[in-house]
Number of protein chains: 2
Amino acid sequence: MKLKRYSLAEQAYREMLKQIISGQWQAGDKMTEESLCEHFKISRTPAREALMSLTRDGLVERQPRCGWRICSPTTEQVYELFECRRQIECLALKSAIDNIPEEKLEALKEALLSETESPKRISLQVDDDLHQLIADHCGNSYLKNILERLSRQSSPFRYFRTDSDSTEKIQQERLTLIEEMLNKNTDKALKLLSDHIAQGRKILEDRKTL
Amino acid sequence: MKLKRYSLAEQAYREMLKQIISGQWQAGDKMTEESLCEHFKISRTPAREALMSLTRDGLVERQPRCGWRICSPTTEQVYELFECRRQIECLALKSAIDNIPEEKLEALKEALLSETESPKRISLQVDDDLHQLIADHCGNSYLKNILERLSRQSSPFRYFRTDSDSTEKIQQERLTLIEEMLNKNTDKALKLLSDHIAQGRKILEDRKTL
DNA sequence: AATCTTTAATTTGTATACAGTATACAATTA
DNA sequence: TAATTGTATACTGTATACAAATTAAAGATT
């Protein structure tokens, strides 16, 4: 068993990713390399590398000679992001639908059904798993990478959905999506997935919190 | 007038990009940070940053503690890359076809027609312009970014096409593609674009030089 | 002769010092 | 008082020194 030790840059990157996704580091926050060093007790070199990685993910912006700040896309840009993801994930689903092992879908269905007690928190995990499943089995590693990046990039705006009151309905729609995928009913599955992602946008729109 | 001075990292990045795209830096070549420093007369910090940028583009691979090397994807992976690009660019074309200004297409047509004397070299530029036009007008900045990255990533494998003997035919097909775009004939244009990109793959296949 | 161990050399990962630039604030002038 | 210029501060860009780790080689043991 080989225990992999991540570099300081990698550790800082992962930690910041969590912070940004969970919303603890607010969008628009300006940050200095120095403050990061203090926070993680590392030097500037790995701190800068972590920032560059986050920039690659489209989560942090770099202004030459003027520091770094967490991306705060306009509402319109977030719409574009969701729309982009919707279109590309539909592409992936077309290829993936025949390749996803049934047992994985069944497992997901199980998980979805068994979470009646605490739907808000767990459902995000199931959601991730479903999207990951599609990416994993689309048969194209580049498409997979693109989807993973888009997923990361849109994750800061995902948490808005959890405290929606329409949890029940969303969960039901997910269930039927999985069913249709099991049935290899491509057209219906595509429609459902499309709606599912577009919903993220719609909830955002209703709130107008940006 | 504000004169923008690029950072050393940016300069090195651009230069390396050119080198890789033009094939002067061979795929599979292993390189050390030190050698880059010598070559560009810079220190390791900007050299590393340039390498990280290239890694982001999918052109350079980093093996922790074991150096950097230019990506040498397998034939199968290059196929995947082209296929990914084909699918996503078709998405973009669907959205773009109604937004691309006619005069731009006309200009491209002109350029294509006027290059009968030296078709091999210039045609690449027209090709780039066409793909850029589609990306620019798809109405989604994320999709645009993805396409640009895919374009950069596949550019090292594009030069194989120039010395093909079927230049005439390729040129004709491009012309009809532009025509169909002008006619707003989405279905035909999609088919032609699809073939156009797939052709890159096919030429690669015929050569089996990888 | 082959294999395992240890050691040396090379190269990346990290820390830090220095230089240059941008921003903010103060001072001076119109 | 407003505007412009000068100055100080803070932060990024860059260079370099040091630490850690991997690879390769040399040596010893079976």
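The values are calculated or read from the model by the stated rules, or taken from the named source; none is laboratory data. None of the values given here were measured: they were computed from a predicted structure. Because the Cβ atoms are built from the backbone with ideal geometry, glycine has one as well, and the counts that use them run over all protein chains shown. Ligands, DNA and RNA are stripped out before the accessible areas are found, and what is left, the full protein with its side chains, is counted by its heavy atoms. Shrake-Rupley method; radii C 1.70, N 1.55, O 1.52, S 1.80 Å.
Below is a table of values for the structure above.
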read-out: Residues of the range A:33-51 that turn out to be within 25 Å of the chain's Cα centre (by Cα) and open to solvent by less than 30 Å² (accessible area, probe 1.4 Å), as a count; value: 6
read-out: The range A:52-91, subset surrounded by 20 or more Cβ atoms within 10 Å (Cβ to Cβ) and within 15 Å of DNA strand D (Cβ to nearest atom), residue nearest to A:Ala27 (Cα to Cα); value: A:Val60
read-out: Any hit, the range B:91-113, residues being more than 16 Å from DNA strand C (Cβ to nearest atom), within 17 Å of the chain's Cα centre (by Cα) and over 23 Å from B:Glu179 (Cα atoms); value: no
read-out: Test for B:Gly58: is it more than 13 Å from chain A (Cβ to nearest Cβ) and on the phi > 0 side of the Ramachandran plot; value: no
read-out: Among the residues listed as A:Arg65, A:Arg48, A:Arg56, A:Arg69, the single one being closer than 21 Å to B:Arg149 by Cα and charged (D, E, K, R); value: A:Arg56
read-out: Hits in the range B:10-32 - residues which are surrounded by fewer than 14 Cβ atoms within 10 Å (Cβ to Cβ) and either under 13 Å from B:Leu51 (Cα atoms) or of a type in the set (A, V, I, L, M) (or both); value: B:Arg14, B:Glu15, B:Lys30, B:Thr32
read-out: Qualifying residue in the range A:41-54 (condition: away from DNA strand C (no atom under 16 Å from the Cβ), touching a strand residue (DSSP E or B) at 6+ places or on another chain (Cβ under 8 Å) and outside the structural domain of A:Asn145 (by TED's automatic domain parsing)); value: no
read-out: Matching residues in the range A:61-80 - criterion: being part of a loop (DSSP other than H, G, I, E, B) and more than 10 Å from chain B (Cβ to nearest Cβ); value: A:Gln63, A:Cys66, A:Gly67, A:Cys71, A:Ser72, A:Thr74
read-out: Qualifying residue in the range B:42-54 (condition: touching a Gly at 6+ places or on another chain (Cβ under 8 Å) and either without any contact (Cβ under 8 Å) to a residue 60 or more places away in the chain or facing chain A (nearest Cβ under 10 Å) (or both)); value: no
read-out: Helices (runs of 4 or more DSSP H) fully within the range A:81-199 counting 1 or more residues that are within 14 Å of another protein chain (Cβ to nearest Cβ) and modelled with pLDDT of 95 or more; value: A:119-136, A:141-154
